[in-house]
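The structure appears below as structure tokens.
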Amino acid sequence: MKILFVTPELAPWSKAGGLGDATAALGKALAALGHEVRAVTPLYGSVPGREQMGTLVESLKVGVGGDPRRAACRVRTLPVSPGFETWFIEHEDFYGAREIYPAREDAGERAAFFGRAGLDACLATSWIPDVIHCHDWTAGLVPVLLNTTLKPTALGGARSVLSIHNLQHQGLQPRRLMAYLGLPEFLWHPQELECLGGVNFLKGGILHAGKVITVSPTYAKEILTPAFGYGLDEVVRRRAGALTGILNGVDRDEWDPATDKHIAKAFSAAKPAGKDECKTALLRELGLPTDDDLPLVGVISRLWDQKGLDLAAGVLPRFLREQKLRFVLLGSGDAALENEYRRLAADFPRHCAVRIGYDNGLSHRIEAGSDFFLMPSRFEPCGLNQMYSMAYGTLPIVRATGGLADTVTGWDGRDHGTGIVFEHADQGGIAWALERALALYARPQAFKALRKQAMKQDFSWAKAAEAHLAVYRSA
Ligand code: ADP
């Protein structure tokens, strides 16, 4: 199959969260199965390695309205793996800045432009995909274009699939985006793109894509309900028959303790000894004592409401005061929450370390060196870190929601399970789960047995790629 991705993130060139990892790994896995994959994505100012890029189209006229001087771009190419190529949309005005999602007045045009440019690049080079797989809100109007404005073109027969990586982010943009993309007026209707006086990109994608995927089976059920639907649950319910949940996988080239270059010592399920050394090295790196055997609980996360870390901040002081565990957090986001965690580290310098910022190497060392990994999310479409944690023998402590519920099996109190699972997104739920983790840690045989089961889980992208192909075929 010829498969075109339209995506705002593609690791390692651009990544704000799990989406960048997922598109890169899925593309590689599909290409490895013999399919031809192209990924259209903006050439952000922060993307390195321009000198290695080729040029697919020197000057592409893109079918958008507005200032004609802003309606052209260059399309650069870079091979990712055999069969998988990136098409970078180069447009200084739109993407020259370093951020992926800056708060700008023209955020709608910026999102609409690269999708439309990708489609025009297909037409210009006569590379006509069988399936166009759109990722998240920025690509949401691509299926709409295919069903309307571009129907009479060579792309009119291409099938579209939309992946929802997070329903919270919908892209509510001004009405002028309709004219900018040349969309027909009948789409300006509450049953179509209109939403709260604007154009809702994701809503358009959900309504117009041939098939809709979201990133875990449980999240696929949750988004049918008002509690998780962020106002679009009724729209999702309209497409329930076309909706499938497919778990993301783990990119083992990046996340494998047997080959990881970022960590102090390699280890695996068969040879787990190196993990202790990783813990000691991590504690040293963080300036924490290494002369006792307290469990180390890690967190790597965006600090947003979704992740429930505001709740955890209310629970942790008691555990740290009672010297029951050590805690490390790497993350950034909400300034007030960043400060709250900085304060926690200052209050408990022998038991808590906090690093505000983004640090890929340190994130690997936290996965390798921690005993537990905490994800108290209010909702979690899929989540990657709980899967990385299991691969590194670090037992995830997770709230039973979305992909967390689908990937972690709660400890049964004996020696079965792959982590700790709790139900309630509140301080009581988190405190209960931490107590349970301490109880497990106090039973070395059971702890070891769970660690082994966690490391044996298979979250391969090959499996996820097969599931995606089945959806492409059904589209
Ligand atoms: P989300 O996409 O909602 O942020 P995921 O768990 O799906 O959550 O993916 C998060 C990804 O981003 C993981 O690969 C995680 O390791 C990485 N990540 C998040 N914050 C940081 C950080 N501060 N430093 C390094 N990596 C981070």
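The values are calculated or read from the model by the stated rules, or taken from the named source; none is laboratory data. Quick caveat, the model's predicted, so the values are computed rather than measured. Don't worry about glycine lacking a Cβ; one is built from the backbone with ideal geometry, like all the others, and counts go over all protein chains shown.
Quick test for you: out of 324, 275, 307, pick the one residue that is within 16 Å of the ligand (Cβ to nearest atom) and of a type in the set (Lys, Arg). First the steps, then the outcome.
Details: 324 fails: within 16 Å of the ligand (Cβ to nearest atom); 275 fails: within 16 Å of the ligand (Cβ to nearest atom).
Within the list 324, 275, 307, the selection yields 307.
Test residue 34 against the stated conditions and say whether it is within 20 Å of residue 460 (Cβ to Cβ) and away from the ligand (no atom under 16 Å from the Cβ). Steps first, answer last, please.
On the way: within 20 Å of residue 460 (Cβ to Cβ): yes; away from the ligand (no atom under 16 Å from the Cβ): yes.
Criteria met by residue 34.
For the stretch 77-174, give me every one of the strands (runs of 3 or more DSSP E) that falls completely inside it and has 2 or more residues that are of a type in the set (Lys, Arg) and assigned by TED's automatic domain parsing to the domain that holds residue 224. Break it down stepwise before answering.
Details: elements: 84-90, 131-135, 159-164.
Strands (runs of 3 or more DSSP E) meeting the threshold: none at all.
Filter the stretch 358-381 down to the residues that are among the hydrophobic types (A, V, I, L, M, F, W, C) and under 20 Å from residue 253 (Cα atoms), then identify the one that is nearest to the ligand (Cβ to nearest atom).
Within the stretch 358-381, the subset among the hydrophobic types (A, V, I, L, M, F, W, C) is 362, 366, 368, 372-375, 379.
Within this subset, residues satisfying the condition of being under 20 Å from residue 253 (Cα atoms) are 362, 366, 368.
Numbers: 362: 7, 366: 9, 368: 12 Å.
Residue satisfying both the conditions and the ranking: 362.
Looking only at the stretch 341-357, filter to residues that are over 23 Å from the mean Cα position of the chain (by Cα) and within 16 Å of the ligand (Cβ to nearest atom); which one of those is surrounded by the fewest Cβ atoms within 10 Å (Cβ to Cβ)? Talk me through it step by step, then tell me what you get.
Here is the first cut: in the stretch 341-357, the ones over 23 Å from the mean Cα position of the chain (by Cα) are 341-353.
Keeping just the survivors that are within 16 Å of the ligand (Cβ to nearest atom) gives 341-342, 345, 353.
Numbers: 341: 23, 342: 14, 345: 20, 353: 24.
Among residues in the stretch 341-357 that are over 23 Å from the mean Cα position of the chain (by Cα) and within 16 Å of the ligand (Cβ to nearest atom), the one surrounded by the fewest Cβ atoms within 10 Å (Cβ to Cβ) is 342.
Output the qualifying pairs, or none if there are none: Cβ atoms under 6 angstrom, residues six or more apart or on different chains, first residue in the stretch 203-222 and touching a residue at least 24 places away in the same chain (Cβ under 8 Å), second residue acidic (Asp, Glu) and assigned to a helix (DSSP H, G or I).
If the second residue must be acidic (Asp, Glu) and assigned to a helix (DSSP H, G or I), the pairs left are 216/406; 217/406; 218/406.
Identify the residue in the stretch 314-340 that is closer than 19 Å to residue 286 by Cα and of a type in the set (Gly, Ala, Ser) and, among all such residues, is surrounded by the most Cβ atoms within 10 Å (Cβ to Cβ).
Selected residue: 331.
How many of the residues in the stretch 90-134 are surrounded by 15 or more Cβ atoms within 10 Å (Cβ to Cβ), among the small types (Gly, Ala, Ser) and farther than 25 Å from residue 27 by Cα?
The total comes to 2.
Working carefully through the options 296, 320, find the one that is in contact with a Ser or Thr (Cβ under 7 Å, 6 or more places away or on another chain) and either of a type in the set (Val, Ile, Thr) or outside the structural domain of residue 16 (by TED's automatic domain parsing) (or both).
Numbers: 320 fails: in contact with a Ser or Thr (Cβ under 7 Å, 6 or more places away or on another chain).
Of 296, 320, the one residue that is in contact with a Ser or Thr (Cβ under 7 Å, 6 or more places away or on another chain) and either of a type in the set (Val, Ile, Thr) or outside the structural domain of residue 16 (by TED's automatic domain parsing) (or both) is 296.
Return the residues of the stretch 8-47 that are within 23 Å of the chain's Cα centre (by Cα), at pLDDT 95 or above and surrounded by fewer than 16 Cβ atoms within 10 Å (Cβ to Cβ); say none if nothing qualifies.
Passing the criteria: 33, 45, 46.
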